[in-house]
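First up is the structure itself, then whatever we jot down about it.
The values are calculated or read from the model by the stated rules, or taken from the named source; none is laboratory data. Since the structure is predicted, the reported quantities are computational estimates derived from the model, not experimental observations. Glycine gets a Cβ as well: all are built from the backbone with ideal geometry, and neighbour counts include every protein chain shown. These accessible areas exclude ligands, DNA and RNA; they are computed on the full protein's heavy atoms, side chains included. Shrake-Rupley method; radii C 1.70, N 1.55, O 1.52, S 1.80 Å.
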Amino acid sequence: MVDSLGRFTAFFLRLTLAAIIWLVTAVNCKARAERQFVKKNSYKWYAAGDVNAFFGLMLDNIAGLVLAVGLLVGQFQFPVDFALRYMVPGTALGVLAGDLMFFLLAIRLAKQENRSDVTAMPLGLDTPSTIGMVLFVVGPAFQSALGSGLSEHDAAMSAWHIGICGIFLTGIIKILMATGSGWIRKVFPRAGLLGSLAAIALVLIAFTQLEKLSANPIVGLSSLVIVLVTLIARNKLPFQIPGAFVAVLLGSVVGYMLQGSDHFWGTTFTPHVETTKLAWLPTEWLTVFRFEWIHSFGASLAYLPYVLPFAIATVIGGIDCAESAASAGDDFHTPTVIGIEGVATLFAALCGGVIQTTPYIGHPAYKAMGGRAAYTLATAIFVGGAGLVGYFSVLFRWIPEAAILPILIFIGIEITAQSFHATPRRHYAAVAIACLPALAKLVAIYIGQYIGWLAKNFPETLAAMPGFMSGMTLRINVLAGGFILTSLIWASATAKIIDRKFFTASIFFALAGILVLFGVMHSPLAGDQMFITTDIWRETEVNIVEPGESGLKKDQVLSKSEFEKIPKFDTAIVNEKTYFTDEQRSTTINFAIAYLVMSALLFLLGYFMQGKTTVINSDEQFEKLQ
């Protein structure tokens, strides 16, 4: 098996290098090729702009892989060799499958419309769900497994299986939602669809990477200034050298110069980084085809509150990406785009991937670069080879993390800017309000890390936390729970209120009130767990471990009030299961009532203002209002 895989991956590497060399050679010979071989109106699926577009899309995906592995190792002390050999190959194969399908879709659209300037839809690893899957699914699953007594390797295997199940469910959800993607596009205003993306991009992508970059600012900011000059300001470098490539190269050179200074002169410019082993020709990921991960579906359901919102968010993002591409002149069939996204995600899961793929919102940027379809083909081959052949481990080992983080910061800024640019001016406030739940999530993440550190190292300090601190922590966590859907509903309702469509806004808030009662939004439980509505009023249950002199039976379960009526109940050893504390119950009910009150008020306003106010249909109409 290893020999055959080695021959295959060696061939794959040669194919990758040959494809890149061929692409560069083809671009240099473009004029001659057009004169000799290209017919009028035939599709030129490669162009000079594909080189820059390739480096941009490829580095986005490599940055996503670096982010996933870096977060797992840095935040959860996950074994890096396991991540490189088990998780990365399947994740990379998802990118390979998706970009190949988008490459073929671009060729089909060009033939259907008899055009020569179609730009393929870019696809890659979804950065928000990369962060979400690591911080809220794979990482916590790993720590939970360690806490249950498993070895590091077995705990990593358990977390991997749970991650596969989560991505498998995500792929199924996407495929099912593909047929209804047009309906979603009609129901939710653009401010809602893009506002939730902007919230994730600015807060959870750009800021979190900026915070990590500050650990190595000389390297990171050196790379960032090139990103600002080339990718943000769109200045062209001499000889058409890709800006993303130069940014990473410069950051890496500066990083190694500083490391040399630290080594020879004893300076402390760069943080210490553990050297990782190279993972050439990994075969461990092939154990995914034993399908042992299927047995982890039950355990993965506990993480569904995270998996489901991110799946919906990428569908919504994919819908908007299709609309963004249409506005740039390439009108891809939206259900097909979402279907490809779902199939690629499902393929990644079946190969052991733990990060979902998604269309990138930067299609107009790649089109502006002059890209056609070759850049997605080259990205598919390079990223797929990085996982199968294992040269991603070389990139992960030798490229300083701070050199690649500015690419992620650019992605966050660009998505935010695109969100405002593509939204009607009158709805800017709706996009802004969508960022508030994401800010709550950001604060909750850092508070959670601090509380987790206290619980591990100073439990007595945590137990002595003042009441107002625990109350504030609960409120922040409740605001952060299901923040993607909260951002979507808040922004959509605000946009409808601006347009004087009060009845529609009322429906959005009524929906929010219902979702609160199931924990889809504002869940007060640990890990944003969803729940059945009846659990809100469910009494604490007592499980009898040792009956003592109470006369009860071992493993008997009864409510706490019933238990305390039993004679000598205090002699029993029990485990208690509390579904909701009084404060959690009160908070959940209050939020549900608050949304229903908002819905009722908007309904009444719509009823009494019928015929007295005019529906706003344009920015100019809104801007004339006093």
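Highest-first packing order for the peptide set 214-223, 201-210 is 201-210, 214-223, based on the mean count of other beta carbon atoms within 10 Å. Charge dipole of the chain (Cα centre as origin; +1 on each Lys and Arg Cβ, -1 on each Asp and Glu Cβ, all else neutral): 2160 debye, rounded to the nearest 20.
Here the simple spin-label model places points 7 Å from the Cα toward Cβ, and for T267 and E546 these points are separated by 6.3 nm. In the context of the full set of protein chains, the range 203-290 has a per residue accessible area of 59 Å² (1.4 Å probe).
Quick one, which of [x] 43, 33, 23; [y] 73, 30, 27; [z] 80, 28, 19 is the actual semi-axes √(5λ) of the Cα gyration tensor in Å calculated for this model? Here semi-axes √(5λ) of the Cα gyration tensor in Å agrees with entry [x].
Working note: Karplus 6.51/-1.76/1.60 with θ = phi - 60° gives the range 471-482 the couplings x, 5, 4, 4, 4, 5, 5, 5, 4, 7, x, x Hz, where Gly and Pro are set to x.
Separation of the range 108-170 and the range 220-264, taken as the distance between their Cα centroids, equals 29 angstrom. Remark: the F291-E620 segment gains 112.6 nm on full extension, using 0.36 nm per residue and subtracting the alpha carbon distance.
Dividing the summed helix terms, -39500 (n - 2.57) for each DSSP H run of n ≥ 4, by the number of residues in the chain produces a 222 nm estimate of -20500 deg cm²/dmol to the nearest 500.
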